[in-house]
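Notes follow the structure.
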Amino acid sequence: MNAPMMLSPDALAKIDKAVAKYPPTEKQSAVMAALTIAQDEKGWLSTEAMDFVAQYLGMAPVAVYEVATFYTMFLLQPVGRKAHVQVCGTTPCMLRGAGELFEVCHRRISHEPLHVSAD
């Protein structure tokens, strides 16, 4: 698979710097850094961006998808330009009032999670 060029030379230099921290045979270890750099540049991680990272690091695309879907810090769809709101839903956070924040988000942004408001 030959993924098209997805990132700027500056982003590639940052990925190369992250890769340099690992032995040459372990460059896949920089996958989280590479995904973060790609997301910072693109605003979110499209399948094409993840495919590019996989090719750049010599990984199977599915291995990159596994990382990107496991960590909630990676955004797999476009997010709003004005704000990106994430609310912790763990038991300790819910006990401290996260449920009220969810209600505000439902009223002001969208009734469904992971949606962008009309504005």
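The values are calculated or read from the model by the stated rules, or taken from the named source; none is laboratory data. Small disclaimer: the values here were computed from a predicted structure and weren't measured. Neighbour counts are summed over all protein chains in view; Cβ atoms, including those assigned to glycine, are modelled from backbone coordinates with ideal geometry. Only protein heavy atoms, including side chains, enter the accessible area calculation; ligands, DNA and RNA are left aside. Shrake-Rupley method; radii C 1.70, N 1.55, O 1.52, S 1.80 Å.
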Next on the checklist: Out of Val62, Val31, I need the residue that is at pLDDT 95 or above and either of a type outside the set (A, V, I, L, M, F, W, C) or surrounded by fewer than 12 Cβ atoms within 10 Å (Cβ to Cβ) (or both). Which one?
Outcome noted: Val62
Item to check | Near pairs, Cβ below 9 angstrom, 6+ apart or cross-chain, from segment 97-112 (free of Cβ contacts under 8 Å to residues at least 24 places away in the same chain) to any residue that is open to solvent by 70 Å² or more (accessible area, probe 1.4 Å) and part of a helix (DSSP H, G or I) | outcome: Ala98/Pro92; Phe102/Met94
Checklist entry - Within the set of pairs 6 or more residues apart or between chains, which connect a residue that is without any contact (Cβ under 8 Å) to a residue 12 or more places away in the chain inside segment 44-61 to a residue that is open to solvent by less than 20 Å² (accessible area, probe 1.4 Å) with Cβ atoms less than 8 Å apart? => result Ala60/Ala54
